[in-house]
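I have placed the structure first, in the form of C-alpha cells, so that the comments after it can refer back to it.
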Amino acid sequence: MSILVIAEHDNQELKSSTLNVVTAAQALGSEIDILVAGSDCSSVAESATKIPSINKVLMADSEAYKNCLAENVGSLIGKIGTNYTHILAAATSNGKNCLPRAAALLDVAQISDISAVVSEDTFERPIYAGNCIATVQSSDSIKVITVRTTSFDSSESEGGTASVETISENTDLGVSSFVKEEVAESDRPELTSADIVISGGRGMQNGDNFSLLEGIADKLGAAIGASRAAVDSGFVPNDMQVGQTGKIVAPNLYIAVGISGAIQHLAGMKDSKVIVAINKDEEAPIFQIADYGLVADLFEALPELESKL
Amino acid sequence: MKVLVPVKRVVDYNVKVKAKSDETGVDLANAKMSLNPFCEIAIEEAVRLKEAGKAEEVIAVSVGTSASQEQLRTSLALGADRAILVETEIEVEPLGVAKILKEVVNKENPDLIILGKQAIDDDSNQTGQMLASLLGIAQGTFASEVNISEGSVEVTREIDGGLQTVKLNLPAIVTTDLRLNEPRYASLPNIMKAKKKPLETITTDDLGVDASPRLTTVKVANPPEREAGVKVESVDELVDKLKNEAKVIS
C-alpha cells in the first residue's frame, strides 16, 4: 500500500483541507507521500514535512504548475501516480478540476467525494444530493479518490520530520494559460472549514440585506453562506453557495435564515452538528431537520439576535 | 465552428430519491426523468453561440439506453441541430463515457465541447475533465462565462473563494456552472420541429470502445435521518438554548 496525497495550497501556505485528506489516507495505510506541485512553493513543501507520519514530500516546482492549471498538474499526477496504489485529493475546486485528468491517464475510475473508507478498495460516497449513500468497490489497481473534507477530521500538522524530494518531470501541455483571478478578500473564516456558518436564502429579498447577517457573523466569528435561490436571484456571488452543486459544510452551528430547505440545499449542510432555522413560513421544510426553529420575520429577528449575542 | 454537447438523462431534480428497501440500488420506479440541469445550461450556451453567429452547428450526444432519445429530443427542441445516441444497456461510468465521447469527437471534430459540470444522479463531476485528458486538450471547468475568439476561448471559472479566468487553445472542453446562463423553455413549435431533426443511433461496438465498469456498487443506503428538533418562541429562548443546551456559542 503506497498512498499519494495531493497538497492543496496557494504556493505560500498549505491549506487545511490537505490535513483532512491525510486523515482519510491514514485510514488506508501508513506509507503516505505528499505531492506539492506549484511555483516557488518550498514553504508549502516545508509545512508538509511537518505533518506527522508522512513518508516523504515530493516537490514539483515549475512555472507550469503555478496556477494549478489542470492540464499540467493532472498530467504530472498521472505520470508519477503509477508508483502508487491510492491517489487522494480534497474535493475542492482544484481537486475536482485536476484529479479526473490523472485518473483518465492512468485508465482507472475515479471515486469522487468519499465520506468514509470501508477498506482499501471500498468506500462510501453520497449520491443524489446526499439522499443516498453508495458503498462502492473498485477493481482498479490504482484508486483515484477525491475526499469530502467535512467527513474527515484534520490530522496533526506539527511534529513530523519527512524529507523533501524534488521531482523534475515537465508536464507542461502548453494548451492553456492563466489570465487572472478575483478572489474575495475576507477576514471571515473560510466557508467549508468554519465552526459556525450563517446562511441567507431567498427570504433575504436582496443583496443589501445580507448586511443583517454580517453583524451576527462578526459577533460569532462565523462564515456567511447562501442558498442557490439567493445566488440565482443575484443577491450574492456563487462562491457563497451551500448545497449539492456548491459548497458542502458541516460546522458545529449552522443558522439558516430565510431558507425554505430545498433538497439541494440540505445536501450541503445537513451534516452540521446543530442547525437553527429562522423562517416566517412555519411549513418550510427546513424546520423538519432543524434542531431549533424560530418562526419569525427575519427583519425583526436578525437585529434582535445580533443585539443579544 | 462546430459545438458538441454531451447530455445525460437523469432523475428530475424535484424527485426526492430513496434507496431500495433491500439496499441494492436507488428506487427510481416511475420517477420522472429529465435532462440533467447542467446539461441544459450546456445546450443553452451552445445555442447562444450559434445565435451570435459564432457557431454553425450544435450537436447533442448522449450515452445510454434508448430512453435517452427523449432528452436528445429535448436538446433538439432547445436548439441543437442534430443528435447522436450511443446506445448501451450497461450503466456506463464517467471513464467509459469519456472513452465513448472521445471516439465521437474523433468522428465529428468539434472545435468546442460543452458539458455539464456534474450530473445530479451520481454527482461525480468527472466526465468533462476525463474527456479533455484523453484528447490531450485544455479544459475550462465550472464556467460562469465563455468568450470565444480566433483559435482560443477565455473561460471564467467558479473556484473556491472567487473567480479564475483561463485562456484555452481550441479545440477545448468547457463544463458549465449554474450562473453561465438561464436556459430557455422549449416552445411548442420548436418541440414539433425537433421531431423532424436527425437523431442517429450507434452502439459502443460501432465505436470499438470497451466501456465496462470498474466499480461495483456494494450497497445503497439512506443516510441517517435527522430528527426535527423544537420550535422556540423567541430570540431570547434561541440564544439561551444555543448557549446552555447545545453549547455551541458562548
Suppose the Debye formula is applied to equal point scatterers at every Cα of segment A:100-175; what is log10 I(q)/I(0) at q = 0.16, 0.18 Å⁻¹?
-0.83, -0.94
Difference of contour (0.36 nm per residue) and Cα-Cα distance, A:Gln205 to A:Glu304
33.8 nm
Using a 7 Å offset from the Cα along the Cα-to-Cβ direction at both A:Asp281 and B:Ile90, what is the distance between the two label points in nm, to one decimal?
4.5 nm
If the convex hull of the alpha-carbon atoms of the protein assembly as shown is projected onto planes in all directions, what is the mean projected area in square nanometres?
24.8 nm²
Value at 222 nm in deg cm²/dmol, rounded to 500, when DSSP H runs of n ≥ 4 in chain A each add -39,500 (n - 2.57):
-7000 deg cm²/dmol
Taking only pairs that are 8 or more places apart or on different chains, how many Lys pairs in chain A have Cα atoms under 13 angstrom apart?
4
Average beta carbon contacts from partner chains per residue of A:114-125, 10 Å cutoff:
1
Sorted by chain and then number, the residues having a modelled amide H within less than 5 Å of the amide H of B:Lys231, at least 5 places away or on another chain, are A:Gly293
So for segment B:50-115, using the alpha carbon gyration tensor with a ≥ b ≥ c as root eigenvalues (a/c under 1.5 gives rounded; past that, a/b versus b/c decides prolate or oblate), I'd call it oblate
What percent do you get for the relative contact order of segment A:118-274 when only Cα pairs under 8 Å and 6+ apart count?
20 percent
Compute the distance from the alpha-carbon center of segment B:192-245 to that of segment A:160-189, in whole Å.
31 Å
Amide hydrogen neighbours beyond the local backbone of B:Met33, cut-off 5 Å, H modeled
B:Asp12
So A:Asn252 and A:Glu63, fully extended at 0.36 nm per residue minus their Cα-Cα distance, gain in nm 64.1 nm
Full-extension gain between A:Ser163 and A:Lys219, please, as 0.36 nm times their residue separation minus the C-alpha to C-alpha distance.
16.0 nm
Could you check the spin-label model distance between A:Ser2 and A:Gln288? Points 7 Å from the Cα along Cα→Cβ, value in nm.
5.0 nm
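What net charge do the residues around A:Leu106 carry, taking every other residue with its C-beta under 13 Å from that of A:Leu106, with Lys and Arg at +1 and Asp and Glu at -1? Intermediate results must be reported in sequence, preceding the final value.
Values: positive: A:Lys79, A:Arg101, A:Lys143, B:Arg214; negative: A:Asp107, A:Asp140.
Local net charge: +2.
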Cut-off 10 angstrom, C-alpha nodes, Gaussian network model of chain A. Which of A:Pro251, A:Pro100, A:Pro237 fluctuates the most?
A:Pro237
List, in order, the whole-Hz ³J(HN,Hα) value for each residue of segment A:140-151 obtained from phi through the Karplus relation with A = 6.51, B = -1.76, C = 1.60 and θ = phi - 60°; use x for Gly and Pro.
6, 6, 10, 9, 9, 9, 9, 10, 6, 5, 6, 8
At a Förster radius of 41 Å, what calculated FRET efficiency corresponds to the Cβ-Cβ distance of B:Asn244 and B:Ala67, to the nearest 0.05?
0.15
Peptides B:187-196, B:200-209: what's the order by average Cβ count within 10 Å, highest mean first?
B:200-209, B:187-196
When the Karplus curve 6.51 cos²θ - 1.76 cosθ + 1.60 is applied with θ = phi - 60°, which whole-Hz ³J(HN,Hα) does each residue of segment A:132-137 get, with x for Gly and Pro?
9, 10, 9, 9, 10, 10
Rounded to whole Å, give me the distance from the Cα center of segment A:215-253 to that of segment B:130-145.
27 Å
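Per the Cauchy relation, a quarter of the hull surface: what is the mean projected area of the convex hull of the alpha carbons in segment A:1-129, in nm²?
Computed as one quarter of the Cα hull surface, the answer is 7.3 nm².
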Kirkwood Rh, Cα atoms: Rg over Rh of segment A:240-309:
0.96
Residue-averaged beta-carbon neighbours from other chains (10 angstrom radius) around B:152-159
4
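Throughout, read-outs are computed from the coordinates displayed, never taken from laboratory work. Everything numeric here is computed off the predicted structure, so don't read it as measured data. Cβ: placed from backbone, ideal geometry, glycine included. Neighbour counts: every protein chain shown.
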